[in-house]
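Down below is the structure, laid out as structure tokens.
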Amino acid sequence: MNIKPPSGAQIRIEHGDHHVTVTEVGAAIREYTVGGRDVFTPFSETELAPASHGAVLLPWPNRLRDGQYEFDGAALQLPITEVPRNTAIHGLVCWERWDVVEQSASAVTLELHLVPTPGYPFDLVARVTYALTDAGLRVTTRATNVGGTDAPYGVGFHPWLSPGDASVDECTLRLDASTRVTTDERLLPTGTEPAAGDFDLREPRLLAGIDLDDAYVDVLRDEDGLSWMRLGAPDGRTAAVWMDSSMDTWQVCTGDHVSATAYRRTGVAAEPMSCIADAFRSGDRLVRLAPGASHETTWGATLL
């Protein structure tokens, strides 16, 4: 019997010095290296993704209070997947087996038909394409409503930027955003405030002593329309994630409190998202997908 690892089949793509491994389960990026140097903090193919490492987060990213929401007059209850905070976290697709529908040496496309369930009675087909070029990794995700009613939708991604051979404390972090989302004790949004002090990351800030698990809005963009998060390491290399105008929210986490203790503070989560936590309840940046409509996002990563 051919026994697969917990993350399923391992799909490998490469272009020059760039190498990526994508997993069948969750369509997650298990590893991304350039010239043998980690861009993302990897995990072993013999273990489950430890802290949403490399995950696709849909049809919502981040947390949903009590797993409860209303949509078009219907009260809906999702399973609680973050028990200590009594939230439904990071969507429904992280532990599903995706199908490879296209593949070449440097690119792969995976697809998942997310069937309706009592907590999310909407019918979506999601496709994610990972492609490598000289510029790095480019990720395009398209979700299509194949059902007969409107569907609430949000999307995010969960790469952990690697410090290389150094510690996170020895690295600097720069984030192109000017407003921080404030939260309660359950890390659910309470409002916004200008990023200040240790939370102001518009210039590179040394991470020693800084504990982050925060969302940011009012993103800043370069001349190409991209917003970036950059982890600068002592080896002179910078692991970086960018997002284009299809998304306008960042989540950053230094991993001080993740349940997988071996992965605490071993990288920095740099999460491009279309909405912040609790969007199914607040409606903030929530996408309403009409029958037959699609929503597409693009982000990428590289080693600078």
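Given a cut-off of 11 Å, what percent of all Cα-Cα pairs of the range 161-211 lie beyond it? Value for the range 161-211 (Cα pairs over 11 Å): 72 percent. Label sites at SER246 and GLU70, each approximated as a point 7 angstrom past Cα along Cα to Cβ, lie 3.3 nm apart. Phi angles across the range 14-23 convert, under the Karplus curve 6.51 cos²θ - 1.76 cosθ + 1.60 with θ = phi - 60°, into 3J(HN,Hα) values of 8, 8, x, 7, 8, 9, 10, 10, 10, 9 Hz, Gly and Pro given as x. With the simple model of a label 7 Å out from the Cα in the direction of the Cβ, ARG265 to THR46 spans 2.8 nm. Applying the Kirkwood pairwise sum to the alpha-carbon positions of the range 237-304 produces a hydrodynamic radius of 14.3 angstrom. Taking 7 Å steps out from each Cα toward its Cβ at ARG37 and ASP211 produces label points 3.1 nm apart. Surface exposure of the chain, expressed per residue as accessible area with a 1.4 Å probe, stands at 41 Å². Split the accessible area of the chain by element, probe 1.4 Å, and carbon with sulfur accounts for 49%.
Based on alpha carbons, the Rg and Dmax found for the chain are 18.2, 57 Å.
The values are calculated or read from the model by the stated rules, or taken from the named source; none is laboratory data. In this text the structure is predicted, and so the values were computed from the model without any measurement. Virtual Cβ from ideal backbone geometry, glycine too; neighbours counted across all protein chains shown. These area figures cover heavy atoms from the full protein model, side chains too; ligands, DNA and RNA do not enter into them. Shrake-Rupley method; radii C 1.70, N 1.55, O 1.52, S 1.80 Å.
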